[in-house]
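> I have a structure here, written as structure tokens, and I will follow up with some questions on it.
The values are calculated or read from the model by the stated rules, or taken from the named source; none is laboratory data. Keep in mind it's a predicted model, so treat the numbers as computed, not measured. No Cβ is skipped: glycine too gets one built from the backbone with ideal geometry, and neighbour counts run over all protein chains shown.
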Amino acid sequence: MQPQSTWVKSRNYVFWIIGVLMVGVAMGVSLLANPPETAPFDLLPAILRGLGVTMQLTAGGAALALVVALVAGIGRSVPNVIVRTITGVYVEVFRGSSVLVQMFWIFFVLPLEPFNIELSALQAGILALGLNVGAYGAEVVRGAIQAIDKGQIEASVALNMSPALMMRRVIIPQATVRMLPPFGNLLIELLKATSLASLITLSDITFQASSLRQTVGRIPEVFGLLLVIYFLLAYPLTLGVRWIERQRKWAS
Amino acid sequence: MSELFDWEFVVEILPRLLGGLLVTVEATLAGFIIAVILGLFLALGRRSENPWISQPLGAIVEFIRSTPLLVQLFFFFFVLPRYGIRMPAFVVGTLALGLHYGTYTSEVYRAGIDAVDRGQWEAAVALNFSPWRVWTGIILPQAIPPMFPALGNYLIGMFKESAQLLAITVTELMLTARVIGTETFRFLEPITLAGVLYFLVSYPAALIVQRLEARYARSR
């Protein structure tokens, strides 16, 4: 905490002006709005029709990302140069561009020559989300493994544990605690990124809102509601991550 | 099976893609300037003693961070014209990008300001410096340089995520690639090339940020 003193207070009017201006702008905008004929909540069922797809993308992407992150993260931490190079290239390639680019590539390019891999839009979406977030997750796993005390590894070697047993009994349990908060943050990023799947024809909540915009109009309500839905989905995750972080701080 | 990669076609479309890359870079840099300035004001505002300022700003930051950039782009692109605010798609996209990442950079500023030694504040108060002098002369000059790696990471993030601007018809790199694809019915070369261009910019940039990080870690 910084020392709270009188001079901080003397500058408060600057913030007051900014705050009042912001509220003023917001009120002006809402006054200019056409008064909605009905409450915006009648639009809710139509948008929520896409909730299943959003959930499928989130769950599928998260499951794939978790597996890929563990495999690639451990792969980047082993002494074998070939394994390390392959997993390293995977991580750098998928972190080198965004989910959207990778989703387009998987959706538009994979079904063509010379790959001829036909995927449904849902499969393409889950694959892109999982592989992209998995690359970031691999770095989390690698960081957590590296952060483990050297003495723990030396003790395992002294106890004549096989590398696999050491991974399972010593490294993974300790690394898991460290990985939980960053994994939670990645899950939030993943949930937000599922909205991109609407651009490859998947009818998630963003897609439903976009089609409502074209059919019903009422644009401010539709997208305002959509933003609130995403907030209600993502914010509990944020609170969960903070809760875990607090538990960790108490524990240490 | 045809040739894996038609290099003549690649050479043909490369200038158009580079034009798209230029738009991407412009949107990124303009958005970054907005994010860096906005982030500072958000961070300072959230430190305010006055709860009527810090609390709403905190809520706004949480809300923007918890919702997808794509939906924010749609919101500004489709909603603002309803209230008579008409701007080119590029401007809307850049503003939304800057606003979205401004909430992220505000957290960087917050951490950076918190990391400044407490004694610096106490000394400044003891010397009766004006708040302006405390911030511009003492706190921010010490807080900002260690933030460069984190800010650099967000700059790279913005560069990659600016591909989402295609959803509101900004012809940046990714939309250029898709348009070439639909015109020529060839998706392999343009979309792959777009991915390669993103990588060629972001990977060296990430290496530079890593070196910066190592340097600040050593100097600490």
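> Just the residues that are under 17 Å from the mean Cα position of the chain (by Cα) and not β-branched (Val, Ile, Thr), please, taken from segment B:175-203. Give the steps one after another, and end with the answer.
So in segment B:175-203, the residues under 17 Å from the mean Cα position of the chain (by Cα) come out as B:198-199, B:201-203.
Within segment B:175-203, B:Tyr198, B:Phe199, B:Ser202, B:Tyr203 qualify.
Let's see how each residue does on (1) β-branched (Val, Ile, Thr); (2) surrounded by fewer than 22 Cβ atoms within 10 Å (Cβ to Cβ); (3) in contact with a helix residue (DSSP H, G or I) (Cβ under 7 Å, 6 or more places away or on another chain):
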site: A:Gly125; (1), (2), (3): no, no, yes
site: A:Ala128; (1), (2), (3): no, no, yes
site: A:Val141; (1), (2), (3): yes, no, yes
site: A:Ile148; (1), (2), (3): yes, yes, yes
site: A:Met166; (1), (2), (3): no, yes, yes
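> With a cut-off of at least 2 residues that are over 25 Å from A:Phe231 (Cβ atoms), touching a His at 6+ places or on another chain (Cβ under 6 Å) and within 13 Å of chain A (Cβ to nearest Cβ), name the helices (runs of 4 or more DSSP H) lying wholly within segment B:1-111. Full working, then the answer.
Values: elements: B:7-46, B:51-65, B:69-79.
Fully inside segment B:1-111 and qualifying: nothing.
> Please go through segment B:128-162 and pick out each residue that is without any contact (Cβ under 8 Å) to a residue 40 or more places away in the chain and in contact with a Gly (Cβ under 8 Å, 6 or more places away or on another chain).
B:Phe129, B:Ala143, B:Ile144, B:Met147
> Does A:Tyr230 count as touching a Pro at 6+ places or on another chain (Cβ under 9 Å), of a type in the set (Phe, Trp, Tyr) and free of Cβ contacts under 8 Å to residues at least 40 places away in the same chain?
Numbers: touching a Pro at 6+ places or on another chain (Cβ under 9 Å): yes; of a type in the set (Phe, Trp, Tyr): yes; free of Cβ contacts under 8 Å to residues at least 40 places away in the same chain: yes.
Criteria met by A:Tyr230.
> Does segment A:91-109 contain any residue that is within 14 Å of chain B (Cβ to nearest Cβ), among the hydroxyl-bearing types (Ser, Thr, Tyr) and closer than 28 Å to A:Met166 by Cα? Can you show your working first?
Taking segment A:91-109 as the starting set, the residues that turn out to be within 14 Å of chain B (Cβ to nearest Cβ) are A:91-109.
Pick out the ones that are also among the hydroxyl-bearing types (Ser, Thr, Tyr) and you get A:97-98.
Those left that are additionally closer than 28 Å to A:Met166 by Cα: none.
Checked segment A:91-109: no residue is within 14 Å of chain B (Cβ to nearest Cβ), among the hydroxyl-bearing types (Ser, Thr, Tyr) and closer than 28 Å to A:Met166 by Cα.
> When you scan segment B:103-138, how many residues do you find that are among the basic types (Lys, Arg) and either buried (at least 19 other Cβ atoms within 10 Å of the Cβ) or closer than 28 Å to B:Leu155 by Cα (or both)? Show your work before the answer.
Applying the first criterion (among the basic types (Lys, Arg)) to segment B:103-138 yields B:110, B:118, B:133.
With the extra rule that they be either buried (at least 19 other Cβ atoms within 10 Å of the Cβ) or closer than 28 Å to B:Leu155 by Cα (or both), the set shrinks to B:110.
Count: 1.
> Looking at this structure, is B:Val36 in contact with a Gly (Cβ under 9 Å, 6 or more places away or on another chain) and not polar (S, T, N, Q)?
yes
> Among A:Leu64, A:Leu21, which is modelled with pLDDT of 65 or more, in a helix (DSSP H, G or I) and surrounded by 11 or more Cβ atoms within 10 Å (Cβ to Cβ)?
Step by step, each of A:Leu64, A:Leu21 is checked, and only A:Leu64 is modelled with pLDDT of 65 or more, in a helix (DSSP H, G or I) and surrounded by 11 or more Cβ atoms within 10 Å (Cβ to Cβ).
> Keeping to segment A:97-115, report how many residues are in contact with a Gly (Cβ under 8 Å, 6 or more places away or on another chain) and surrounded by fewer than 23 Cβ atoms within 10 Å (Cβ to Cβ).
2
> Scan segment A:76-133 residue by residue and report those that are of a type in the set (D, E, K, R) and in contact (Cβ under 8 Å) with a residue 60 or more places away in the chain.
Quick first cut of segment A:76-133, residues of a type in the set (D, E, K, R) only: A:76, A:84, A:92, A:95, A:113, A:118.
Matches in segment A:76-133: A:Arg76 only.
> Right, here's the next one. Inside segment A:146-241, counting only helices (runs of 4 or more DSSP H) that do not spill past its ends, which hold 2 or more residues that are within 12 Å of chain B (Cβ to nearest Cβ), under 20 Å from B:His100 (Cβ atoms) and at pLDDT 95 or above? Spell out how you get there, then give the answer.
Details: elements: A:150-158, A:163-166, A:172-193, A:205-215.
Helices (runs of 4 or more DSSP H) meeting the threshold: A:172-193, A:205-215.
> For segment A:67-96, which positions are surrounded by fewer than 17 Cβ atoms within 10 Å (Cβ to Cβ) and outside any helix (DSSP H, G or I)?
A:Val78, A:Pro79, A:Asn80
> Of all the residues that make up segment A:81-119, how many are small (Gly, Ala, Ser) and farther than 20 Å from B:Arg178 by Cβ?
Initially, segment A:81-119 is screened for residues small (Gly, Ala, Ser), giving A:88, A:96-98.
From the residues that got through so far, the ones that are farther than 20 Å from B:Arg178 by Cβ too are A:88.
Selection size over segment A:81-119: 1.
> I've got another one for you. Which of (1) surrounded by 16 or more Cβ atoms within 10 Å (Cβ to Cβ); (2) over 26 Å from A:Gln247 (Cα atoms) does A:Leu187 not meet, given it meets every other one?
Of everything listed in (1) surrounded by 16 or more Cβ atoms within 10 Å (Cβ to Cβ); (2) over 26 Å from A:Gln247 (Cα atoms), A:Leu187 misses just condition (2).
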